[in-house]
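Peer 1: Pasting a structure below so you can have a look.
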Amino acid sequence: MTAYLDAAATTRMDPRVAEVVLHWMTEDWGNAGSRTHGWGTRAKRAVQQAREQLARQIGVSSAELIFTSGATESNNIALLGLAPHGERQGRRHIITSAIEHKAVIEPLEHLVSRGFEVDFISPGSSGRVSVEAIQEHLRDDTLLVSLMHVNNETGVIQPVAELADHLRGTATYLHVDAAQGFGKLTEDLRGPIDLISISGHKIGAPKGVGALVIRRRGRDTVPLTPLMYGGGQERKLRPGTLPVPLVAGLAKAAEIFENEHADWWAATAGFRARLVHALRKTQVRFNGDQEHVVPHILNVSFDGVDAEALIVQIKELVAVSTGSACTSASYTPSHVLRGMGLPDNIAANGLRLSWFPDQANELDVDELAAEIAEFQAGTAFLG
């Protein structure tokens, strides 16, 4: 059986989560906005319980968390929703990194077309942006810093908690795309981060649900303007009927991840150690700072090997990708690896291996390494 090593793209829904989702789809199917009968009351209660649970995990009040369709929508609400405030205040400068997900880069590129100035900081070959580099770019008119929690291609952890401490005493807001970090490194998100985007399907929840944390600064809330109108749900920032089954599924997945975190981390790190040991038998480069990475994402380049050709070669053994699921079909050099200053022959041939233990353990890592080494030898011979 082919092992699934593309968990950074999406994960299998946990069967315990699927059971919860099915219940709210087929038994308690009420609209959380209906207040005249039991179905609506039960749905509303389920949403509130989910909101309170997720808020507790991140260390905010339930009033500081809204549900969305996922991290991409949360990013757009945070970035585009803050723009009118920046325009009113004459603060049109934004700082971000060159390795952000397209769900951050593209909204910011849109803001550039509206007259904003965006600094895209390169992290260097480590893939880790320094707090000092961000501080050097801060200005009096800096509206926002947007920095991802965990890079989706390299797994490198960014110093978001430290950055939050530095920015809290300033007028500059901090947004963190935590699509890859929530559940795995939730402790980092409990600091004074103003806006946090969360995705469900990276932790065994259904696709199509996420959240945006809008943390208050004392009595002041982040001045966001809604992108859509109609209905007034979710503090009028995300109108529309709430998908109660997905919301309940997200909460259940987050609960499972919190309760089983230590076991997940140990098993995931154990598989990583075995995989890295096996891959060292090939001519391999590990991309990014390996001292500051989550245990379930590994980005590698193999000397003299075309990544797309290698994926075809090993597809019976393992399912992997060349990078973000949003861009891996484009066959262009990774903007993340390029943003780290890596040469095109590496940036165009990086492979992302990402896993959850229950699917990764099906893989014989020594067999995979032998297959890659043989392919490298054959490529070198043909070359």
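What follows is calculated from the coordinates using simple rules that are stated; it is not laboratory data. Predicted model only: the values in this text are computed from it and were never measured. Because the Cβ atoms are built from the backbone with ideal geometry, glycine has one as well, and the counts that use them run over all protein chains shown.
Peer 1: Fewest first, what order do E162, E64, E316 take by the number of other Cβ atoms within 10 Å? It would help to have the intermediate numbers written out before the result.
Peer 2: Numbers: E162 13, E64 19, E316 10.
So the ranking, lowest neighbour count to highest, is E316, E162, E64.
Peer 1: For the chain, set up a Gaussian network in which alpha carbons nearer than 10 Å are linked by springs, and say which option among N75, N151, N259 fluctuates the most.
Peer 2: Taking springs between Cα atoms under 10 Å, the residue moving most is N259.
Peer 1: For W265 and T170, FRET efficiency with R0 = 25 Å and r from the beta-carbon atoms, rounded to 0.05?
Peer 2: That gives a FRET efficiency of 0.15.
Peer 1: Among W264, W355, W39, which comes first, then next, by fewest other beta-carbon atoms within 10 Å?
Peer 2: Neighbour counts put them in this order, fewest first: W39, W264, W355.
Peer 1: Sticking with this structure for a sec: Please sort by residue number the trypsin sites (Lys or Arg not before Pro) in segment 219-325 whose DSSP state is loop and whose Cβ has at most 15 other Cβ atoms within 10 Å. Provide the component values of the computation, followed by the final result.
Peer 2: Working: sites: R219, R235, K236, K252, R272, R274, R280, K281, R285, K315; in loops: R219, R280, K281, K315.
The qualifying sites are R219, R280, K281, K315.
Peer 1: Now for a different question. With charges only on Cβ, +1 for K and R and -1 for D and E, what is the dipole size of the chain about its Cα centre, in debye, rounded to 20?
Peer 2: So the magnitude is around 1520 debye.
Peer 1: Just order 174-181, 122-129 by mean Cβ neighbour count inside 10 Å, highest at the front, would you?
Peer 2: Listed from highest to lowest mean packing, they are 174-181, 122-129.
Peer 1: Then there is this: Per the Kirkwood treatment, what hydrodynamic radius in Å, one decimal, follows for segment 109-235 from the mean inverse distance over all distinct Cα pairs?
Peer 2: One over the average 1/r among Cα pairs gives 16.0 Å for segment 109-235.
Peer 1: Put a dot 7 Å past each Cα toward the Cβ at A309 and S62; how far apart are the dots in nm?
Peer 2: For S62 paired with A309, the spin-label model returns 5.8 nm.
Peer 1: Using θ = phi - 60° and the Karplus relation 6.51 cos²θ - 1.76 cosθ + 1.60, list the HN-Hα couplings for segment 69-76 in order, rounded to whole Hz, with x at every Gly or Pro.
Peer 2: Karplus values, whole Hz, x for Gly and Pro: 7, x, 5, 4, 5, 4, 4, 5.
Peer 1: Taking 0.36 nm per intervening residue step and subtracting the Cα-Cα distance, what contour gain separates E117 from R216 on full extension?
Peer 2: Extra length from E117 to R216 when fully extended: 33.1 nm.
Peer 1: Could I ask something else about it? How long is the gain from L22 to S125 if the chain were fully straight, where each residue apart is worth 0.36 nm and the alpha carbon distance is subtracted?
Peer 2: Between L22 and S125, full extension yields an extra 32.6 nm.
Peer 1: Go ahead and set up a Gaussian network model of the chain, Cα springs under 10 Å, then flag whichever of L298, L363, L337 fluctuates most.
Peer 2: Sorting by GNM fluctuation, first place goes to L363.
Peer 1: Here is the link list: K202/K252; K184/K252; K102/K236; K184/K207; K44/K252. Which ones come out longer than 23 Å on Cα distance?
Peer 2: Listed pairs above 23 Å: K102/K236.
Peer 1: While we're here: Given points 7 Å out from each Cα along the Cα-Cβ axis, report the Q48 to K236 separation in nanometres with one decimal.
Peer 2: 2.2 nm
Peer 1: Quick check: the distance between the Cα centres of segment 76-104 and segment 200-238, to the nearest angstrom?
Peer 2: Centre-to-centre distance over Cα atoms comes out at 16 Å.
Peer 1: Let me ask another. Select from G200, G90, G70 the residue whose mean-square fluctuation is largest in a Gaussian network model of the chain (Cα-Cα springs shorter than 10 Å).
Peer 2: Checking each option, the largest mean-square fluctuation is seen for G90.
Peer 1: Still on this structure: Please give the calculated 222 nm ellipticity per residue for the chain, where each DSSP H segment of at least 4 residues contributes -39500 (n - 2.57) and the sum is spread over every residue; nearest 500 deg cm²/dmol?
Peer 2: Computed mean residue ellipticity for the chain: -12500 deg cm²/dmol.
Peer 1: Let me ask something else about it. P(r) tail for the chain, what percent of Cα pairs lie past 25 Å? Could you put the intermediate results ahead of the total?
Peer 2: On the way: 41092 of 73153 pairs.
That tail contains 56 percent of the Cα-Cα pairs.
Peer 1: Restricting to the chain, what percent of DSSP beta bridges are antiparallel, rounded to 5?
Peer 2: Details: 21 of 38 bridges.
If I count the DSSP bridges inside the chain, around 55 percent turn out antiparallel.
Peer 1: So which chymotrypsin sites (Phe, Trp or Tyr not before Pro) in segment 166-236 end up in coil per DSSP with only 12 or fewer other C-beta atoms within 10 Å?
Peer 2: Loop-located and lightly packed - Y229.
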